[in-house]
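Below: one structure, written as structure tokens.
The values are calculated or read from the model by the stated rules, or taken from the named source; none is laboratory data. For clarity, every value in this text was computed on a predicted model and none was experimentally measured. Positions of Cβ are generated from backbone atoms using ideal geometry, with glycine treated the same way; all protein chains shown enter the neighbour counts. Accessible surface areas use protein heavy atoms only, side chains included; no ligands, DNA or RNA. Shrake-Rupley method; radii C 1.70, N 1.55, O 1.52, S 1.80 Å.
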Amino acid sequence: MTDVDVPESHPRYESLLLRHRIEAGVEKGITSEQGLIAQGRGEAFDYLLGERTIPSADAAERAAAAHLLRAERPVISVNGNVAALAPGETVELAEATGADLEVNLFNRTEERMEHIAAHLREHGAEEVLGLEADGRVPGLDHERATVDADGIGRADVVVVPLEDGDRAEALAEIGKTEIVVDLNPLSRSARSATVPVVDNIVRALPNVTDHARELADADAAELDAVVEAFDPEAALAAAEAAIRGQR
Ligand code: ATP
């Protein structure tokens, strides 16, 4: 099924559209079947958040933009759900911040790696890392640990959308500044992040790009101030309160 099969008048149009993108991703060999489960979990949290970017998520997105602009070697990690849901938005964010793109899969197969890299190139990416697989993240078993030495391996700031908790924790442990996009404020990934962005990836990435464009001419002191003003624990608490209907 494609995007056009959902009538725009449907009250759950946006949500169904995203579901169909994931289904199409599975059909094209981009997204794993486990990706369907992750989508379902995300959808439930998004529903509770009111399917909007809450103010604390907007602040996180601005802090994420400032981190990326300050970084020397920023990398955006792309998995099968990210590639299916927001390929163009991912490429645009990389362009706006000078970040590299690296395919990084929990259920890694060469075929899926190639499909995702090709899909990103179709959406304008010039270079896609991840296929070298010559680096390792310590503390994870062989398959899960694989990264490019020249990409995530030597990155200072990493954007990891929809990441599994073990890997997010392992990346934080080796000192990466981690920007996690995850709709569940209680997930280990969100909790191990330097900047937890509790928002849907389809809203989060374009908003980080907008902030990055706005901050493009900011000097180092201004970027530092944006980074320092952000409090991850307060942002997680605000997201949880929004979900619980306390705000
Ligand atoms: P953890 O170990 O961190 O607690 P997990 O490994 O159990 O999490 P998964 O089931 O792999 O988590 O799902 C990945 C996460 O991505 C979930 O927390 C889900 O809410 C989130 N997620 C799914 N779809 C989206 C989306 N479109 N935008 C943002 N987050 C999403």
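Numbers below:
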| read-out | value |
| --- | --- |
| Residues within segment 50-67 that are among the hydrophobic types (A, V, I, L, M, F, W, C) and either touching a His at 6+ places or on another chain (Cβ under 6 Å) or near the ligand (Cβ under 10 Å from one of its atoms) (or both), tallied | 1 |
| The one condition in (1) at pLDDT 95 or above; (2) farther than 24 Å from ASP217 by Cβ that HIS142 fails to fulfil | (1) |
| Residue satisfying all of: in segment 198-207; closer than 21 Å to ALA229 by Cα and in a helix (DSSP H, G or I); nearest to the ligand (Cβ to nearest atom) among these | ALA204 |
| Residue list for segment 208-221, filter: within 14 Å of ARG70 (Cβ to Cβ), touching a residue at least 40 places away in the same chain (Cβ under 8 Å) and in a helix (DSSP H, G or I) | VAL208, HIS211, ALA212, ALA220 |
| Output for segment 1-50, where each listed residue is over 17 Å from the mean Cα position of the chain (by Cα) and acidic (Asp, Glu) | ASP3, ASP5, GLU8, GLU14, GLU23, GLU27, GLU33 |
| Some residue of segment 87-98 being open to solvent by less than 10 Å² (accessible area, probe 1.4 Å), closer than 21 Å to SER187 by Cβ and away from the ligand (no atom under 13 Å from the Cβ) | no |
| Criterion violated by ASP134 - all others in (1) open to solvent by 20 Å² or more (accessible area, probe 1.4 Å); (2) within 15 Å of the ligand (Cβ to nearest atom); (3) not basic (Lys, Arg) satisfied | (2) |
| Any hit, segment 208-231, residues being within 12 Å of the ligand (Cβ to nearest atom) and buried (at least 18 other Cβ atoms within 10 Å of the Cβ) | no |
| Selection count where residues are assigned to a helix (DSSP H, G or I) and free of Cβ contacts under 8 Å to residues at least 60 places away in the same chain, scope segment 130-153 | 5 |
| Scope segment 154-197; condition among the polar types (S, T, N, Q), in a helix (DSSP H, G or I) and either open to solvent by less than 20 Å² (accessible area, probe 1.4 Å) or near the ligand (Cβ under 7 Å from one of its atoms) (or both); matching residues | SER189 |
| The listed residue being in contact with a strand residue (DSSP E or B) (Cβ under 9 Å, 6 or more places away or on another chain), closer than 22 Å to LEU186 by Cα and part of a helix (DSSP H, G or I), out of ALA44, ALA60 | ALA60 |
| Residue tally, condition part of a helix (DSSP H, G or I) and either buried (at least 21 other Cβ atoms within 10 Å of the Cβ) or small (Gly, Ala, Ser) (or both), over segment 99-122 | 5 |
| Neighbours by Cβ (under 7 Å, 6+ apart or cross-chain): first from segment 3-22, more than 17 Å from LEU36 (Cα to Cα); second of a type outside the set (Phe, Trp, Tyr) and assigned to a loop (DSSP other than H, G, I, E, B) | TYR13/VAL6 |
